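Report on the following structure.
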Amino acid sequence: MTARIDHLVTSGTFSLDGGTWDVDNNVWIVGDDSEAIVIDAAHDAAAIEAVLNGRTLRAIVCTHAHNDHIDAAPDLAADTDAPVFLHPDDLQLWKQTHPGTVPDEELADGVVLTVAGVTLHVIHTPGHAPGAVCLYCPELSTVFTGDTLFQGGPGATGRSFSDFPTIVDSIRDRLLSLPPETVVRTGHGDTTTIGAEAPHLEEWIQRGH
């Protein structure tokens, strides 16, 4: 079987620091016709399960623990028996959404997950959240960046647990060194490429997002 990337958009709310906003989230599914990994189980477990269409779910990977990226993770895990993976630095955020629970597995920089004959390399990219990670799949020339890197710049850093200099360092040191043709599949909005974003690093720094 040839690995592919399935994509769906789910809608819900993002809540932090006493505010709540309507959001649309990208959910990415990497796999083939028999098995898959879900990246960011956002808002709607049933919609994600419909796209899985009976495939064995090997893992539910959280790029970070803001509620809009993890709110459907426990339900999806319960329905599929798949483990939930999260970087431990985001456990404090996880517990705001799912108190009294913990994810099943810890992500760490350098961990490699495999599915459908391809690899997902975990890159710790703090800044938007302390435990934010990206997942680089060289075989599919893709990096899943969650809310670390978007088309047009870094993710937001104006709320609790975030830091602008840290996210810039993460992007510059960990992501912009990837091949320029690498497709950037984000947590919200449109895709881009490493090559399209790399020239704008200094501009982002000057804007001070």
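Can you tell me which residues in segment 1-42 are of a type in the set (S, T, Y) and either closer than 20 Å to V143 by Cβ or crowded, with 19+ Cβ neighbours inside 10 Å (or both)? Spell out how you get there, then give the answer.
Taking segment 1-42 first, the residues of a type in the set (S, T, Y) are 2, 10-11, 13, 15, 20, 34.
Answer for segment 1-42, where residues must be of a type in the set (S, T, Y) and either closer than 20 Å to V143 by Cβ or crowded, with 19+ Cβ neighbours inside 10 Å (or both): T2, T10.
List the number of the failed condition for A50; all other conditions in (1) assigned to a helix (DSSP H, G or I); (2) crowded, with 20+ Cβ neighbours inside 10 Å; (3) hydrophobic (A, V, I, L, M, F, W, C) hold.
It is condition (2) that A50 fails.
State all residues of segment 162-209 that are without any contact (Cβ under 8 Å) to a residue 60 or more places away in the chain, within 22 Å of H121 (Cβ to Cβ), surrounded by 14 or more Cβ atoms within 10 Å (Cβ to Cβ) and not hydrophobic (A, V, I, L, M, F, W, C); if no residue qualifies, say none.
Within segment 162-209, T166, D169, S170, R172, R174, T182, T191, T192, T193, G195, E197 meet the criteria.
Every residue in segment 1-46 that is under 15 Å from H69 (Cβ atoms) and among the small types (G, A, S), please.
Correct list: S11, G12, S15, A41, A42, A45.
Among the candidates V30, V38, V61, V51, single out the residue that is in contact with a Cys (Cβ under 8 Å, 6 or more places away or on another chain) and β-branched (V, I, T).
Numbers: V38 fails: in contact with a Cys (Cβ under 8 Å, 6 or more places away or on another chain); V61 fails: in contact with a Cys (Cβ under 8 Å, 6 or more places away or on another chain); V51 fails: in contact with a Cys (Cβ under 8 Å, 6 or more places away or on another chain).
Result: V30 is the single residue among V30, V38, V61, V51 that is in contact with a Cys (Cβ under 8 Å, 6 or more places away or on another chain) and β-branched (V, I, T).
Restrict the check to segment 150-161 and report whether at least one residue is in contact with a helix residue (DSSP H, G or I) (Cβ under 7 Å, 6 or more places away or on another chain), part of a strand (DSSP E or B), surrounded by fewer than 21 Cβ atoms within 10 Å (Cβ to Cβ) and among the small types (G, A, S).
Within segment 150-161, one or more residues are in contact with a helix residue (DSSP H, G or I) (Cβ under 7 Å, 6 or more places away or on another chain), part of a strand (DSSP E or B), surrounded by fewer than 21 Cβ atoms within 10 Å (Cβ to Cβ) and among the small types (G, A, S).
Take the residues in segment 77-97 that are within 26 Å of G19 (Cα to Cα) and either among the acidic types (D, E) or buried (at least 17 other Cβ atoms within 10 Å of the Cβ) (or both), then tell me which one is farthest from the chain's Cα centre (by Cα).
Start the filter on segment 77-97 by keeping residues that are within 26 Å of G19 (Cα to Cα), which leaves 86-97.
Now narrow it down to the ones that are either among the acidic types (D, E) or buried (at least 17 other Cβ atoms within 10 Å of the Cβ) (or both): 86-87, 89-90, 93-94, 97.
Details: L86: 10, H87: 11, D89: 15, D90: 13, L93: 15, W94: 14, T97: 17 Å.
Looking at residues that are within 26 Å of G19 (Cα to Cα) and either among the acidic types (D, E) or buried (at least 17 other Cβ atoms within 10 Å of the Cβ) (or both), I get T97.
Would you check which residues across segment 53-79 are small (G, A, S), free of Cβ contacts under 8 Å to residues at least 40 places away in the same chain and in a loop (DSSP other than H, G, I, E, B) and list them?
Within segment 53-79, the first condition is being small (G, A, S), and the residues that meet it are 54, 59, 65, 72-73, 77-78.
Those left that are additionally free of Cβ contacts under 8 Å to residues at least 40 places away in the same chain: 54, 73, 77-78.
G54 - this is the single residue of segment 53-79 that is small (G, A, S), free of Cβ contacts under 8 Å to residues at least 40 places away in the same chain and in a loop (DSSP other than H, G, I, E, B).
Across segment 175-209, what is the total count of residues that are under 23 Å from I29 (Cα atoms) and under 19 Å from the mean Cα position of the chain (by Cα)?
Within segment 175-209, the subset under 23 Å from I29 (Cα atoms) is 175, 178-194.
Of the ones still in play, those that are also under 19 Å from the mean Cα position of the chain (by Cα) are 175, 178, 182-194.
Summing the residues that are under 23 Å from I29 (Cα atoms) and under 19 Å from the mean Cα position of the chain (by Cα) in segment 175-209 gives 15.
Checking the structure you have, find out if any residue of segment 90-108 is free of Cβ contacts under 8 Å to residues at least 24 places away in the same chain and closer than 22 Å to P138 by Cβ.
To start, the set of residues in segment 90-108 that are free of Cβ contacts under 8 Å to residues at least 24 places away in the same chain comprises 95, 99-100, 102, 106, 108.
Next, from what is left, pick out any that are closer than 22 Å to P138 by Cβ: 108.
Yes, segment 90-108 has at least one match.
Would it be correct to say that T20 is under 12 Å from the mean Cα position of the chain (by Cα) and either of a type in the set (A, V, I, L, M, F, W, C) or modelled with pLDDT of 95 or more (or both)? Please lay out each step first, then the result.
Working: under 12 Å from the mean Cα position of the chain (by Cα): no; either of a type in the set (A, V, I, L, M, F, W, C) or modelled with pLDDT of 95 or more (or both): yes.
So T20 fails the test.
Does T125 satisfy being buried (at least 22 other Cβ atoms within 10 Å of the Cβ) and under 18 Å from W28 (Cβ atoms)? Steps first, please.
Values: buried (at least 22 other Cβ atoms within 10 Å of the Cβ): yes; under 18 Å from W28 (Cβ atoms): yes.
The answer is yes for T125.
Looking only at segment 12-38, which residues are assigned to a loop (DSSP other than H, G, I, E, B) and at negative phi?
Hits for segment 12-38 are D32, D33, S34.
Please work out if T101 is within 18 Å of T20 (Cβ to Cβ) and among the β-branched types (V, I, T).
no
The values are calculated or read from the model by the stated rules, or taken from the named source; none is laboratory data. The shown structure was predicted, so the numbers you read here are calculated from the model rather than taken from an experiment. Here Cβ is always computed from backbone atoms with ideal geometry, including for glycine, and neighbour counts include all displayed protein chains.
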